[in-house]
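Asker: Sharing a structure with you now.
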Amino acid sequence: MRVLLVEDDEPVAESLRRGLLRYGFEVEWVTTGQEALKAAGAPHDPYDVVLLDLGLPDTDGLDVCKALRAGSDVPIIVISARSDETDRVVGLEIGADDYVSKPFGVREVIARIRAVLRRVQPRAQQAVTGPDRYGPRLTVDRKAARVHLDGTEVVLTPKEYDLLAFLTEEPGALMSREQIMEAVWDANWFGPTKTLDVHVAALRRKLAGAITIEAVRGVGFRLVIEDGSGGTGDARSRGGGEAPSGTGLDASDRRPAP
């Protein structure tokens, strides 16, 4: 997945770039609005998401956001020290898909990226590819938010579905408890995570034999696809094709205190 990072503050940009690279993202970093418009305006439209700072040296980031949206449907997440409600509202109204105030942690930004992409990508993809298949028994229809096991629909609560959808984005990848809570519940969740254990237990019970959700003590969970022969794997197909395996999680990344 390719990210265009538009940020003139070198320490912030380098920290964010390194974090994104650890999670398997490809990152192109530019420091001005003009460079951003030039990169995003390439004919082949190479970026999956744009991370856009508002305090750029050559132009206001809001103007860059407006210009990007006028020429492309690429998801835009504003990352800015401007925490005023007016700036947030204006940014969202002129085309940004989300707004993250500094200081932020890499995990929060990644959770926001994934949430935005879940909203904007599946509609176009599912119209062509249909439900995702995980091993021989489990299918997840992200467009309809429905899950089938051996051809029979499995009734999941909304949060059980959201949790399964998140974990199946990267089968085999280790996801920290904090990362899961940010993505499935709330990016600003600071309460106990016992609810996560309850939902994991429910998925294990309802999807027994099709998936295994492994607990890694002190870190989080890993979803593994059962291959139908008593073993496990991370085989996944989208519309009949083989998809890449997941990216591992660097659990050393820690979100800074607000």
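The values are calculated or read from the model by the stated rules, or taken from the named source; none is laboratory data. Worth saying up front: this structure is predicted, and the values here are computed from it rather than measured. All Cβ positions, glycine included, derive from the backbone under ideal geometry; neighbour counts span all protein chains shown. Please note that ligands, DNA and RNA were not included when accessible areas were found on the heavy atoms of the full protein model with its side chains. Shrake-Rupley method; radii C 1.70, N 1.55, O 1.52, S 1.80 Å.
Asker: Condition (residue is free of Cβ contacts under 8 Å to residues at least 40 places away in the same chain and small (Gly, Ala, Ser)) applied to region 105-121: is it met by at least one residue?
Answerer: no
Asker: For region 69-106, give me each residue that is open to solvent by 10 Å² or more (accessible area, probe 1.4 Å) and assigned to a helix (DSSP H, G or I).
Answerer: Within region 69-106, ARG69, ALA70, GLY71, GLU85, THR86, ASP87, ARG88, VAL89, VAL90, LEU92, GLU93, VAL106 meet the criteria.
Asker: While we're here: Of the residues SER252, SER245, SER229, SER176, which single one is open to solvent by 30 Å² or more (accessible area, probe 1.4 Å) and at pLDDT 55 or above?
Answerer: None of the others qualify; the one that does is SER229.
Asker: Right, next: Scan region 112-129 and tell me whether some residue there is at pLDDT below 75, among the small types (Gly, Ala, Ser) and part of a helix (DSSP H, G or I).
Answerer: Yes, that holds for at least one residue.
Asker: If you don't mind, there's one more thing I want to ask. Determine the pairs where a residue that is assigned to a helix (DSSP H, G or I) and of a type in the set (D, E, K, R), located within region 28-53, has a partner that is modelled with pLDDT of 85 or more and surrounded by fewer than 22 Cβ atoms within 10 Å (Cβ to Cβ) with Cβ atoms under 9 Å apart, the partner being 6 or more residues away or on another chain.
Answerer: Taking only residues 6 or more apart or on different chains, the pairs are GLU35/ASP58; LYS38/VAL30.
Asker: In region 44-68, how many are open to solvent by less than 40 Å² (accessible area, probe 1.4 Å) and farther than 16 Å from VAL30 by Cβ?
Answerer: 1
Asker: Test ASP8 against the criterion of being assigned to a loop (DSSP other than H, G, I, E, B), modelled with pLDDT of 90 or more, open to solvent by 10 Å² or more (accessible area, probe 1.4 Å) and over 21 Å from ALA115 (Cα atoms), and give yes or no.
Answerer: Spelling it out, ASP8 is indeed assigned to a loop (DSSP other than H, G, I, E, B), modelled with pLDDT of 90 or more, open to solvent by 10 Å² or more (accessible area, probe 1.4 Å) and over 21 Å from ALA115 (Cα atoms).
Asker: Suppose we filter region 16-36 for residues that are under 14 Å from VAL109 (Cα atoms), open to solvent by 60 Å² or more (accessible area, probe 1.4 Å) and not hydrophobic (A, V, I, L, M, F, W, C); how many remain?
Answerer: 3
Asker: Same structure again: As an exercise: evaluate THR193 against (1) modelled with pLDDT of 85 or more; (2) surrounded by fewer than 20 Cβ atoms within 10 Å (Cβ to Cβ); (3) among the β-branched types (Val, Ile, Thr) and give the number of the one condition it does not meet.
Answerer: (1)
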